[in-house]
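Asker: I'd like to ask you about the structure that follows.
The values are calculated or read from the model by the stated rules, or taken from the named source; none is laboratory data. Predicted, not measured: the structure shown is a model, and the values here were computed from it. All Cβ positions, even for glycine, are placed from backbone atoms using ideal geometry, and neighbour counts span all protein chains on display.
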Amino acid sequence: MAPPHRNSSQLAHPSSPNEPIQTTQTWERLFQRNSLNDCPSSPNDMKLMLRIRDTVCAFPYINDIPHSLDDMRKFKFTIAKGSDIYGHLKMAMPYRDWSSEGIFYFPGCVHQFTTNAQHFLAFGPHPQQIPSSDLQKSRYASSSFAATNHVIRSRFQHLYGTICELFVNRPNGYFCYAGTYKMYALDYLMPNGIDRPDYVSLFSIAHAATPPSQPRVFPNIIELEALYKTGVLKVECAALQLVGFDESIYRAVKRVQTAKVPQKPAKYL
């Protein structure tokens, strides 16, 4: 049986970050078995992505949310020039907290295995040290940091086991509200990270790898892009499970979008 629909405010955080919520017993046994007993595959082995896909596809499919979930999740909205997703959501629902820590938003770094898939993969920088030897080999490297070992931090470590609303950017400047999601770690499958897939934005990964308080001699975006492109730096992959859908968010962003771009009147014969 699929998990019942609940708004994000009604979703209780589990006692353990790795304990699935509202899942079938079959999936729960599968997740626990994979986490405890599986041996990691080679990062360059296609079997690894198949195992990741199988893990994500084993999440329960939600099919009892009122109305058409697929249609609501496909609704596209735009944001005003000069604004961002956080400012737009604050305008649409000013009584909610729309901080960067309050939602899942990873532009250019989420992936669906199929168009209508409910669950996602999210990608971020794999935590690792950049060896000085690799910086010296990079044609973008400068002598100012070539002799320094720099550390890349994980963007997901503090998010594993948490539940947030997921927003996804689409081509041509559109955004979608995908639903309420829980994040799971997949590092037991890839403890050393993986090469960046082609569908993951090189710029977005490099930008995510840059610390908020950037050290004076930390590699810049172009230098980080070169290291990810050549495979010196790896990415980590997390699973995002759809656990609910807050229709009040959908209605709010639709109301704002409709006010900006009124729907065309129906044509009568």
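Asker: Within segment 191-207, track down each residue that is farther than 15 Å from Ile130 by Cβ, outside any loop (DSSP other than H, G, I, E, B) and of a type outside the set (Phe, Trp, Tyr).
Answerer: Ile194, Leu202, Ser204, His207
Asker: Go through segment 213-233 and report how many residues are surrounded by fewer than 20 Cβ atoms within 10 Å (Cβ to Cβ) and not small (Gly, Ala, Ser).
Answerer: 12
Asker: From the list Phe106, Phe77, which one is crowded, with 19+ Cβ neighbours inside 10 Å and in contact with a Gly (Cβ under 8 Å, 6 or more places away or on another chain)?
Answerer: None of the others qualify; the one that does is Phe106.
Asker: Can you tell me which of Ser68, Ser100 is touching a helix residue (DSSP H, G or I) at 6+ places or on another chain (Cβ under 7 Å) and exposed (fewer than 15 other Cβ atoms within 10 Å of the Cβ)?
Answerer: Details: Ser68 fails: touching a helix residue (DSSP H, G or I) at 6+ places or on another chain (Cβ under 7 Å).
Residue meeting the stated conditions: Ser100.
Asker: Please enumerate the residues belonging to segment 170-194 that are of a type outside the set (A, V, I, L, M, F, W, C) and out of contact with any helix residue (DSSP H, G or I) (no Cβ under 9 Å at 6 or more places or on another chain). Before the answer, list the steps.
Answerer: Pass one, segment 170-194, residues of a type outside the set (A, V, I, L, M, F, W, C): 170-174, 177, 179-182, 184, 187-188, 191-193.
Selection gives Arg170, Pro171, Asn172, Gly173, Tyr174, Tyr181, Lys182, Asp187, Pro191, Asn192, Gly193.
Asker: Right, another one. Looking at (1) at negative phi; (2) of a type outside the set (Asp, Glu); (3) touching a Phe, Trp or Tyr at 6+ places or on another chain (Cβ under 9 Å), which one does His126 not meet, given that it meets all the others?
Answerer: Every listed condition holds for His126 apart from (3).
Asker: Among the residues of segment 66-92, which ones are of a type outside the set (Lys, Arg) and assigned to a loop (DSSP other than H, G, I, E, B)?
Answerer: Matches in segment 66-92: Pro66, His67, Ser68, Phe75, Thr78, Ile79, Ala80, Gly82, Ser83, Asp84.
Asker: Hey, another quick one. List the pairs whose first member sits in segment 87-102 and is more than 10 Å from Ala252 (Cβ to Cβ), whose second member is assigned to a helix (DSSP H, G or I), and whose Cβ atoms are under 6 Å apart, counting only residues at least 6 apart or on separate chains?
Answerer: Cβ pairs passing all conditions: Trp98/Tyr86; Trp98/Leu89; Trp98/Lys90.
Asker: Looking only at segment 226-243, which residues are of a type in the set (Lys, Arg) and in contact with a Ser or Thr (Cβ under 7 Å, 6 or more places away or on another chain)? Explain how you work it out, then say what you get.
Answerer: Of all residues in segment 226-243, those of a type in the set (Lys, Arg) come to 229, 234.
Of everything in segment 226-243, nothing turns out to be of a type in the set (Lys, Arg) and in contact with a Ser or Thr (Cβ under 7 Å, 6 or more places away or on another chain).
Asker: List the residue pairs whose Cβ atoms are under 8 Å apart, where the first residue sits in segment 42-61 and is closer than 27 Å to Thr180 by Cα and among the hydroxyl-bearing types (Ser, Thr, Tyr), the second is at pLDDT below 90 and surrounded by fewer than 18 Cβ atoms within 10 Å (Cβ to Cβ), and the two are 6 or more positions apart or on different chains.
Answerer: That search, which allows pairs on different chains as well, returns Thr55/Leu30; Thr55/Asn34; Tyr61/Ala2.
Asker: Next question. Quick check on my filter: what residues within segment 115-153 are crowded, with 17+ Cβ neighbours inside 10 Å, part of a strand (DSSP E or B) and modelled with pLDDT under 90?
Answerer: Ile130, His150
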